[in-house]
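Mind looking over this structure? Questions follow.
Please treat every number below as a calculation from the coordinates, not as lab data. What you are looking at is a predicted structure, and each value in this text was computed from that prediction instead of being measured. Note: ideal-geometry Cβ built from the backbone for every residue, glycine included; neighbour counts use all protein chains shown.
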Amino acid sequence: MWGFFEKKPVSDPSILTFPDIDNDLQTAVEGMYLCGDITGYPLLKISINQAHDLVERIAAEGVPPSPSEDVYQLAIVGAGAAGLSAAFAACGRNLNYVVLEGERTANTVRNFHIGKKLFAEPLSLQLKGDLWFEECTREKLLERWDTDLSEAELNIKTGEKVADIKKGSDGIFVITTTGGTTFRAMRVILAVGKQGDPRKLGVTRRTR
Ligand SMILES: Cc1cc2nc3c(=O)[nH]c(=O)nc-3n(C[C@H](O)[C@H](O)[C@H](O)COP(=O)(O)OP(=O)(O)OC[C@H]3O[C@@H](n4cnc5c(N)ncnc54)[C@H](O)[C@@H]3O)c2cc1C
């Protein structure tokens, strides 16, 4: 979908493959990074920490000021654990950022079954940044995140599913959503997770 990643041929479909990134989570395209589940570490705490550290690193390296009003310094694609943690860090570093989320914030966790217990592994790992997380139920996490997100007034645009990203000769990324809206940014973090577009059964879901 993104055009940037080479899919390596694998004879065994049970072997998971991930996009190539360097030690700084940068893809082959300069200025475009990955974090969270898509890098191959399927845990909330690791995703949160990884995203926090990534934005700290990007900010420390220096992002030029936006050349015009419609260009963000940083676009974060996906508002799951990694994307939200990245947004808090970007906010703390005064970066001009936007989060583009195709569905709802924390969509993966919202789709967990009612009452699911969330394990905060690895227990020895200290949580970084401003996105709260500890062992709790799905409901407790969502209640806490929803409150914290509305208080922090993060710049999150939901219902903006990214379909294409191209880097122009001026070094600016043009991000196009399935609805045809475009966003421009100097750096891009893909925090899209691994859930993809599941086939749904079309049955009514109980909510609580
Ligand atoms: C059933 C299940 C149980 C789990 N239990 C635990 C647990 O107990 N403890 C634990 O630590 N981890 C658990 N995990 C793993 C945990 O959910 C993930 O590690 C975590 O959600 C990863 O965060 P992420 O931000 O990388 O991805 P996600 O949380 O998946 O977020 C990705 C976001 O990107 C959005 N998105 C995707 N594509 C696009 C697009 N094209 N444009 C815009 N937005 C897009 C999605 O809608 C989603 O909101 C569990 C996972 C599953 C599936």
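On the basis of being exposed (fewer than 13 other Cβ atoms within 10 Å of the Cβ) and under 18 Å from SER47 (Cα atoms), does LYS117 make the cut?
Yes, satisfied.
Considering only residues that are assigned to a loop (DSSP other than H, G, I, E, B) and either within 12 Å of the ligand (Cβ to nearest atom) or under 19 Å from PHE88 (Cβ atoms) (or both), which ones fall in segment 155-180?
ASN155, GLY159, GLU160, LYS161, THR178, GLY179
Anything in segment 36-52 that is more than 18 Å from ALA120 (Cα to Cα) and touching a residue at least 40 places away in the same chain (Cβ under 8 Å)? List them, or say none.
ILE38
Scan segment 194-208 for residues that are within 15 Å of the ligand (Cβ to nearest atom) and either touching a residue at least 60 places away in the same chain (Cβ under 8 Å) or over 30 Å from GLY115 (Cβ atoms) (or both) and jot them down.
Residues satisfying the conditions are LYS194, GLN195.
Going through ALA191, ALA152, ALA185 one at a time, which residue ends up being in contact (Cβ under 8 Å) with a residue 60 or more places away in the chain, near the ligand (Cβ under 10 Å from one of its atoms) and surrounded by 13 or more Cβ atoms within 10 Å (Cβ to Cβ)?
Of ALA191, ALA152, ALA185, the one residue that is in contact (Cβ under 8 Å) with a residue 60 or more places away in the chain, near the ligand (Cβ under 10 Å from one of its atoms) and surrounded by 13 or more Cβ atoms within 10 Å (Cβ to Cβ) is ALA191.
Taking segment 88-111 on its own, how many of its residues are of a type outside the set (Phe, Trp, Tyr), buried (at least 20 other Cβ atoms within 10 Å of the Cβ) and away from the ligand (no atom under 11 Å from the Cβ)?
The number of residues fulfilling the criteria is 4.
Output the qualifying pairs, or none if there are none: Cβ atoms under 8 angstrom, residues six or more apart or on different chains, first residue in segment 53-69 and closer than 10 Å to ALA89 by Cα, second residue surrounded by fewer than 12 Cβ atoms within 10 Å (Cβ to Cβ).
Pairs that qualify, where the first residue is closer than 10 Å to ALA89 by Cα and the partner is surrounded by fewer than 12 Cβ atoms within 10 Å (Cβ to Cβ), are LEU54/ASP24.
Another one. If a residue has to be without any contact (Cβ under 8 Å) to a residue 24 or more places away in the chain, in a loop (DSSP other than H, G, I, E, B), more than 15 Å from SER85 (Cα to Cα) and out of contact with any helix residue (DSSP H, G or I) (no Cβ under 8 Å at 6 or more places or on another chain) to count, how many in segment 105-139 make the cut?
Summing the residues that are without any contact (Cβ under 8 Å) to a residue 24 or more places away in the chain, in a loop (DSSP other than H, G, I, E, B), more than 15 Å from SER85 (Cα to Cα) and out of contact with any helix residue (DSSP H, G or I) (no Cβ under 8 Å at 6 or more places or on another chain) in segment 105-139 gives 4.
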